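Pasting a structure below so you can have a look.
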Amino acid sequence: MTDPIRIGHIALSCHEASAWEVARILESHGHDVTFTSAPHEAAFAMLGRGEIDILASAWLPSSHEAYLAPMLHDVDKITVLYEPYCIWGGGPDHVPESAVASVTDLLREPALSKMEPLIQGINPGAGISRFSAEIIKQYGLGAAGYVFRTGSEAECFDRYEAAVAEGRWVVVPLWHPQFLHHRYRIRALKEPKGLLGTRDDATLVVRKDARPRIGAAALKDLSQLYIGNPRLSELEDELRRRA
């Protein structure tokens, strides 16, 4: 019996949902699989040390290219699973677009009076966290009282859902695909300075030394795997509802 194929993913539920789709293909070829998750930098470090065989996935180039660069000679890029991109969500629907359509609108009324000053993010290694800190700086939002804070998934996502239920005005640093988009219509604020990065390719990465154990047939099927943004948001929502 061969050793299981070790699938790693960043410790966010969107990445976990895509890892399960990768596992489904591997299991169809008779492989056992294991899952390991870690924060952003740590997940890539595990890949570089050979502690995982597959990473699902690296968001390239904006979010994770710097993390993958030191190990490019040890890995192969197999397929693009979906096309993520970052946003600042400025509405629940009860926040009028006429009042808040752009990041710059946060600096004037009625946002100054109604928008909660805390912009709650996820962990500091995430691309959206780096981008959000820069937005606070470049737009002078700190001087207007806004604060970006990193934290857990629950702190970010639960706060947004509570704001929807309670009719509060909040900005949520988010991305597509993500389960909240399957539950709510979240309006992306315009961001004229282009600080939120580009649309990335969520790239399935396999260590070269794992290819013989994975096998040509399984690798071929993995190379044809495409999930897409709407389907991944739905899969993540299903995953979270089962938890």
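The values are calculated or read from the model by the stated rules, or taken from the named source; none is laboratory data. Note that the structure is a prediction, hence the values are computed from the model and not measured. Glycine also receives a Cβ, built like all others from the backbone with ideal geometry; neighbour counts cover every protein chain displayed. SASA here: full protein model, heavy atoms, side chains in, ligands and nucleic acids out. Shrake-Rupley method; radii C 1.70, N 1.55, O 1.52, S 1.80 Å.
If I ask for residues that are open to solvent by 40 Å² or more (accessible area, probe 1.4 Å) and closer than 23 Å to THR198 by Cβ, which ones from the range 87-128 would you list?
Residues satisfying the conditions are THR104, PRO124.
Restricting to the range 18-34, name every residue that is open to solvent by 10 Å² or more (accessible area, probe 1.4 Å), hydrophobic (A, V, I, L, M, F, W, C) and under 18 Å from the mean Cα position of the chain (by Cα).
Residues of the range 18-34 that are open to solvent by 10 Å² or more (accessible area, probe 1.4 Å), as a first pass: 20-21, 24-25, 27-34.
Retained after the next criterion (residues that are hydrophobic (A, V, I, L, M, F, W, C)): 20, 25, 33.
Within the range 18-34, TRP20 is the sole residue that qualifies.
A follow-up question, please. Select, from ALA56, ALA17, ALA42, the only residue that is over 16 Å from LEU204 (Cβ atoms), at pLDDT 95 or above and of a type in the set (A, V, I, L, M).
Numbers: ALA56 fails: over 16 Å from LEU204 (Cβ atoms); ALA17 fails: over 16 Å from LEU204 (Cβ atoms).
Of the residues listed, the single one that is over 16 Å from LEU204 (Cβ atoms), at pLDDT 95 or above and of a type in the set (A, V, I, L, M) is ALA42.
Moving on to the next point. Just one of LEU81, LEU55, LEU68, LEU72 is in contact (Cβ under 8 Å) with a residue 12 or more places away in the chain and outside any strand (DSSP E or B); which is it?
When all the criteria are applied, what remains is LEU68.
Can you name the residue in the range 139-153 that is open to solvent by less than 50 Å² (accessible area, probe 1.4 Å) and assigned to a helix (DSSP H, G or I) and, of all such residues, is farthest from LYS193 (Cα to Cα)?
GLU153
Among (1) within 30 Å of SER113 (Cα to Cα); (2) touching a Leu at 6+ places or on another chain (Cβ under 7 Å); (3) open to solvent by 70 Å² or more (accessible area, probe 1.4 Å), there is one condition PRO192 misses while meeting the rest; what is its number?
(2)
Of all residues being closer than 14 Å to PRO84 by Cα and part of a strand (DSSP E or B) in the range 200-243, which is farthest from the chain's Cα centre (by Cα)? Just the residue, please.
LEU204
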